[in-house]
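In what follows, a single structure is set out as structure tokens and then discussed.
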Amino acid sequence: MKLKIGLPKGSLQESTFKLFRRAGFQVTLGSSRSLYPKFDDPEIEAILIRAQEMGPYVAKGVLDVGLTGLDWIRETGAKVHEVAELNYAKGGLGAVRWVLAVPEDSRVRKAEDLAGKRVATELVNVSRQFFRKKGIKVDLEFSWGSTEAKPPVLADAIVELTETGSSLRANNLRIVEDVLVSRTKLIANPTSWKNAWKREKIETINLLLQAALAAEDKVGLKMNLQRAALSKVLKILPAMHTPTVSDLADVGWIAIEVIIDEKVVRHILPALKKAGASGIVEYPLNKLVL
């Protein structure tokens, strides 16, 4: 039996491959034109599909499982089982935002100011629900691409995807408000989810992916110190849990090991040294199972 998995083609492709590799899977692509990544797990069969199409293919059972954004699940109305949220995006950890944006010199300050105006977007259904909920009637148009270039000639406003807002600013656009905050989702076909073998396989993949994400900005830190300095060192360490403490062969000496945020290490190393820690070692993490 094989598990058919859809991986997002396009902006999320490289970050998804990187995530799976950190989770322990060897994923290779024969050529830049190939749509069939190879896993070192013979029970996994993969295909690259645009995130916009992933939901319907999983819902129909063409794929057992896939990765796509909450935005495209909502947009397509795909009836899928949402296994888990995977906190990563094109630029790294975090979410992406679909925002309502207008030209910098526009008089529009809030969504209500767009009543009767033209709004271009690729996310038509979600945008329609957004304006309908607010009771605002707009002329909503589907955008085939280059949406940031539409205002002010082809549209009065746009609903567009952004991570940092830099592309909008480069096109002299100003964000009015958020329409939808979206994160990547691991989704499964409802029938596949009821299959015992496939469900266990999907849950294992999810565990490994979540462990890789949890370790993304964490490192391990271990050090030696005299037991008398323990209380001072513990006050410095912002550990996830109580640090592991073990006795060393030298009487009165102990070793401490903790998992902490990588960005914290450079701030606390001098303090740890002053408190009596020595032999301090920082090491990277691949996976962290919480």
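The values are calculated or read from the model by the stated rules, or taken from the named source; none is laboratory data. What you are looking at is a predicted structure, and each value in this text was computed from that prediction instead of being measured. Glycine gets a Cβ as well: all are built from the backbone with ideal geometry, and neighbour counts include every protein chain shown. What goes into the accessible areas is simple: the full protein's heavy atoms, side chains included, and nothing from ligands, DNA or RNA. Shrake-Rupley method; radii C 1.70, N 1.55, O 1.52, S 1.80 Å.
Spin-label model, LEU248/ASN224: points 7 Å from Cα along the beta carbon direction are separated by 0.3 nm.
How would the stretch 74-180 be classified by its alpha-carbon gyration tensor: rounded, prolate or oblate, with rounded meaning a/c under 1.5 and the a/b versus b/c comparison settling the rest? Oblate shape, in that a/c is at least 1.5 and b/c is the bigger or equal ratio. Start at zero, step by 5 Å, and the Cα-Cα distances of the stretch 65-118 spread as 4, 13, 20, 14, 13, 13, 13, 8, 2, 0 percent across the bins.
Evaluate the stretch 163-228: find the radius of gyration of its Cα atoms, find its Kirkwood radius, and give the ratio Rg to Rh. Answer for the stretch 163-228: 1.25. Computed from the Cβ-Cβ distance with R0 of 30 Å, the FRET efficiency linking ASN87 to GLU141 stands at 0.40. For GLU216 and ARG50, the difference between the fully extended length at 0.36 nm per residue and the C-alpha to C-alpha distance is 57.3 nm. Net charge dipole, the chain: roughly 280 debye, given to the nearest 20, about the Cα centre with Cβ charges of +1 for Lys and Arg and -1 for Asp and Glu. Structural descriptor for the stretch 141-290: relative contact order 27 percent, calculated from alpha carbon pairs under 8 angstrom and at least 6 residues apart. Within the chain, the ratio Rg/Rh, alpha carbon atoms throughout and Rh by Kirkwood, equals 1.10. Converting phi to 3J(HN,Hα) with the Karplus coefficients 6.51, -1.76 and 1.60 and the offset θ = phi - 60°, the stretch 275-283 yields 7, x, 6, 9, x, 6, 10, 9, 9 Hz in sequence order, with x at every glycine or proline.
Taking ALA46, ALA275, ALA78 as the candidate residues, the one with maximal mean-square fluctuation in a Gaussian network model of the chain, Cα springs under 10 Å, is ALA275.
Please find, in a Gaussian network model of the chain (springs between Cα atoms separated by less than 10 Å), the residue of LEU161, LEU63, LEU29 whose mean-square fluctuation is greatest. In this elastic network of the chain, the residue with the biggest mean-square fluctuation among LEU161, LEU63, LEU29 is LEU29. Based on protein heavy atoms only, the stretch 153-290 ends up with 55 Å² per residue of surface accessible to a 1.4 Å probe.
Per residue, the stretch 1-126 exposes an accessible area of 49 Å² to a 1.4 Å probe, with every protein chain left in place. The relative contact order of the chain comes to 20 percent, based on Cα pairs under 8 Å that sit 6 or more residues apart.
Each principal axis of the Cα cloud of the stretch 131-190 was evaluated for its coordinate range; sorted largest first, these ranges are 45, 30, 22 Å. Over all pairs of different C-alpha atoms, the stretch 113-152 has a mean inverse distance whose reciprocal, the Kirkwood radius, equals 10.4 Å.
For the options LYS18, LYS232, LYS60, a Gaussian network treatment of the chain with springs between C-alpha atoms closer than 10 Å singles out LYS232 as fluctuating the most.
Going by a ≥ b ≥ c, the root eigenvalues of the Cα gyration tensor, does the stretch 144-290 fall in the rounded group (a/c under 1.5), the prolate group (a/b larger than b/c) or the oblate group? Oblate is the answer for the stretch 144-290, as a/c is 1.5 or above yet b/c matches or exceeds a/b.
Please compute one quarter of the surface area of the Cα convex hull for the stretch 1-141 and express it in square nanometres.
Spelled out: convex hull of the Cα atoms, projected over all directions, averaged, 10.6 nm².
Length gained on full extension, ARG169 to GLU262, computed as 0.36 nm times the residue gap minus the Cα-Cα distance: 30.4 nm. Taking amide H as placed 1.01 Å from N in the peptide plane, the amide H of ALA84 sits under 5 Å from that of LEU186, each at least 5 places away or on another chain. Taking the stretch 127-161 and a reference point 7 angstrom along Cα→Cβ of LYS110, the backbone N atoms nearer than 13 Å belong to 134-136. Within the accessible area of the chain, the carbon and sulfur atoms contribute 50%, probe 1.4 Å, all protein chains present.
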